[in-house]
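Questions regarding the structure given below will be posed in turn.
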There are 2 protein chains.
Amino acid sequence: METKELFNSQGLRCTRQRLEVYEALAMSKRHPTAEELFRTVKTSQCVLSRATVYNTLETFCEHGLCRKLPSTEGGARYDADLSDHLHLTTISGDVHDVPSDLGIRLLKSLSAETIAEIEGRLGVSVKRVDIALHVDADF
Amino acid sequence: METKELFNSQGLRCTRQRLEVYEALAMSKRHPTAEELFRTVKTSQCVLSRATVYNTLETFCEHGLCRKLPSTEGGARYDADLSDHLHLTTISGDVHDVPSDLGIRLLKSLSAETIAEIEGRLGVSVKRVDIALHVDADF
DNA sequence: TTTCCTGCAAAAGCTTTGCAAGTAC
DNA sequence: GTACTTGCAAAGCTTTTGCAGGAAA
């Protein structure tokens with residue numbers, strides 16, 4: 001679906017700012033923070049304020065267009081990929097996507113081999129696993 | 001192990017503030033925020049500043065005495081229970097412990113029955129599940 | 001006595017809010 | 001034209017920092 005139709009289907013007006021923020025978010029594989037989105041979109045010849053980024057992201061979350069990811073430090077991160085997957089945060093704060101099957105195996109057996117597989121497949125350095133189920137919006 | 005011995009085993013000095021913060025955290029089943037711990041401990045005839053609470057909690061985390069839980073809103077939450085379990089956050093922001101086996105079943109099959117079981121066993125109202133694996137400290 | 005810890009106050013970082021001007025529909 | 005959206009600036013909340021005084025070992 002085109003982004004404009006996506007907004008319309010949710011009763012959201014299609015503004016330049018929303019389009020750019022949404023597309024920057026959907027394009028990114030880095031699960032960006034509000035600040036990162038602000039800097040990405042602002043430079044691309046679009047008038048934009050931080051307040052709008054925050055408002056926009058909250059609106060997107062409310063309408064199921066993206067998800068706010070829990071984090072322990074820095075600002076909140078956002079993900080427009082609502083498909084079935086988990087997230088893995090490295091010591092540096094980066095967030096990586098993890099296929100559900102791999103994540104579930106990790107949960108079932110945090111063996112050295114599983115960790116090695118995670119590290120190999122994602123190219124990250126795993127230091128500790130802190131697992132949480134977050135239940136915070138409509139089913 | 002007594003709390004004082006626990007501190008000593010980690011090379012930490014045993015101060016009034018640390019003892020009270022640690023025991024308030026260990027006693028609580030609510031996964032309190034720094035602010036909540038500050039208010040709990042401060043009222044119980046103990047001189048305490050917010051800065052000390054933050055310093056203390058970071059020190060505890062560094063020494064493996066507690067864990068910082070990722071969250072999407074409000075302040076970070078802390079848990080001194082390092083045993084094998086997962087967390088479930090409700091729409092109101094409360095964090096509940098979930099036995100690992102139940103959490104893994106949730107991950108494997110987010111069926112209506114599983115949700116109902118979660119709700120029944122924890123007495124909470126589940127609205128959405130947002131799942132993340134956080135890897136952010138030493139293994 | 002030495003080293004570590006605490007409190008205070010200030011600052012920094014992230015996010016929200018009120019309101020007037022502007023824009024989508 | 002109406003209702004929604006934006007930008008700005010200020011405020012709010014959480015967390016960190018520098019430093020001097022104080023306490024543990």
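Read the figures in this text as sums done on the coordinates, not as results from a lab. Note that the coordinates shown come from a computational prediction; the quantities given were computed from them, not determined experimentally. Neighbour counts are summed over all protein chains in view; Cβ atoms, including those assigned to glycine, are modelled from backbone coordinates with ideal geometry.
Grab the alpha carbons of region A:1-82, take their convex hull, and tell me the volume per residue in Å³.
Values: hull volume 7.4 nm³, N = 82.
Considering the Cα atoms of region A:1-82, their hull volume per residue is 90 Å³.
Given the pairs A:4/B:108; A:42/A:68; A:68/B:42, which are separated by over 25 angstrom at their Cα positions?
Numbers: A:4/B:108 35 Å; A:42/A:68 21 Å; A:68/B:42 33 Å.
Listed pairs above 25 Å: A:4/B:108; A:68/B:42.
For every other residue with a beta carbon closer than 15 angstrom to the beta carbon of residue A:120, add +1 if it is Lys or Arg and -1 if Asp or Glu, then tell me the sum. Mind dumping the intermediate values first?
Numbers: positive: A:105, A:121; negative: A:113, A:117, A:119.
Around residue A:120, the surrounding residues sum to -1.
Where in region A:73-104 does the amide nitrogen come within less than 11 Å of the point 7 Å from the Cα of residue B:104, taken along Cα to Cβ?
The answer is A:104, whose backbone nitrogens lie closer than 11 Å to the label point.
For region B:74-79, in order, what is each residue's ³J(HN,Hα) by Karplus, 6.51 cos²θ - 1.76 cosθ + 1.60 with θ = phi - 60°, in whole Hz (x at glycine and Pro)?
For region B:74-79, the Karplus curve yields x, x, 5, 10, 10, 9 Hz.
Could I have the simple spin-label model distance between residue B:30 and residue A:29, label points 7 Å from Cα toward Cβ, reported in nm to one decimal?
Taking the two extended label points, one gets 4.3 nm.
Still on this structure, I have one more. Run the simple label-point estimate for residue B:46 and residue B:119 please: 7 Å along Cα→C-beta, distance reported in nm.
Roughly 3.9 nm, to one decimal.
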